1. Can you give the FRET efficiency to the nearest 0.05 for ALA217 and LEU149, using r as the Cβ-Cβ distance and R₀ = 35 Å?
2. Computing the accessible area with a 1.4 Å probe over protein heavy atoms, can you report the carbon and sulfur percentage for the stretch 142-217?
3. With labels modelled as points extended 7 Å from the Cα through the Cβ direction, what inter-label distance (nm, one decimal) is found for LEU206 paired with LEU92?
4. Quick one: 3J(HN,Hα) in Hz for the stretch 96-102, Karplus 6.51/-1.76/1.60 with θ = phi - 60°, rounded, Gly and Pro as x.
5. Pulled fully out, how much extra length does the chain show between ASP111 and ASP137, if you take 0.36 nm times their separation in residues and subtract their Cα-Cα distance?
6. Through the Karplus equation 6.51 cos²θ - 1.76 cosθ + 1.60, θ set to phi - 60°, convert the phi angles of the stretch 68-77 into ³J(HN,Hα) values in whole Hz; use x for Gly and Pro.
7. Over the stretch 33-82, give the accessible area per residue in Å² for a 1.4 Å probe, as an integer.
8. Whose amide H sits under 5 Å from the amide H of ILE134, counting only residues 5 or more places off or on another chain, with H placed in the peptide plane?
Amino acid sequence: MTMSKLAVITRVSCAFLLVLIGLIVLPAAVPAKVNGGCTATGTASKSGPVNLTTATVWHVTAADVLSGQAKASSPQRVAQLKVVIFGVGLPLLDRTGNTSFGTAGPYRISDYDPYTRVLAVAGSSTSCDGSVLIIVDDVSPLTTWSGVLGAIAVLLGAIGLLAGLTQVPSGNARVVGIVVGVVGGLGIGLLLQQMAILDPANVFGLLLPGGGAVLGAILPGLLHNRSTARP
């Protein structure tokens, strides 16, 4: 009976996570491009140029040095670039002025690829905005800090959730379960990002730690009675 119950729990948990991942990945397939009448071009020293006005993905290599140019139909007073993770933007460039032409870079990929192989970059100005997903093709997901930390977080989350199944279903056990569930969910998100399955700019990626928290709240103690029963 215990093994049967554990099998049901495992199947339900896996189905729950697969549904979450499906909900997260599908919105990421919506094309992104430069809006507002601006045009943008990116140049990679080894991989060549790309039209960022319409491109949604920019494939580069670890040896590349990137730069970008943008042109607007009217003068722009502000311009910003952000690196986005789980839908949250981290400032990369912030400029003010009054010009219809702007540049960014150079950025060496080798400065960033030890940490991540997938970068979501979003830009905005007075009247324009756009985004692109940069993927370093010759870097493995598990050789970056994001990939390694993601794998460790998934492992810790799985161990914590499984250990909670036989614990007394107390409030403390559920709090611990929520914490390890969030850690595991973040780990899954990081791994999916490093595998270029989940767009880091997709804010719905936060559903993964949220789903982990839900599992962490309901799983503790589900096998407690069976595991502690005496003959």
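1. Using R0 = 35 Å, I get an efficiency of 0.90.
2. 81
3. Taking the two extended label points, one gets 2.1 nm.
4. With coefficients 6.51, -1.76 and 1.60, one gets 10, x, 7, 9, 9, 9, x Hz.
5. This chain segment gains 7.8 nm when fully extended.
6. Once rounded to whole Hz, the list reads x, 9, 9, 9, 10, 7, 9, x, 10, 8.
7. So the stretch 33-82 comes to 52 Å² accessible per residue, rounded to a whole number.
8. It is TRP58, LEU119, ALA120, VAL121, by chain and number.
The values are calculated or read from the model by the stated rules, or taken from the named source; none is laboratory data. Since the model is a prediction, treat every value here as computed from it, not as a measurement. All Cβ positions, even for glycine, are placed from backbone atoms using ideal geometry, and neighbour counts span all protein chains on display. What goes into the accessible areas is simple: the full protein's heavy atoms, side chains included, and nothing from ligands, DNA or RNA. Shrake-Rupley method; radii C 1.70, N 1.55, O 1.52, S 1.80 Å.
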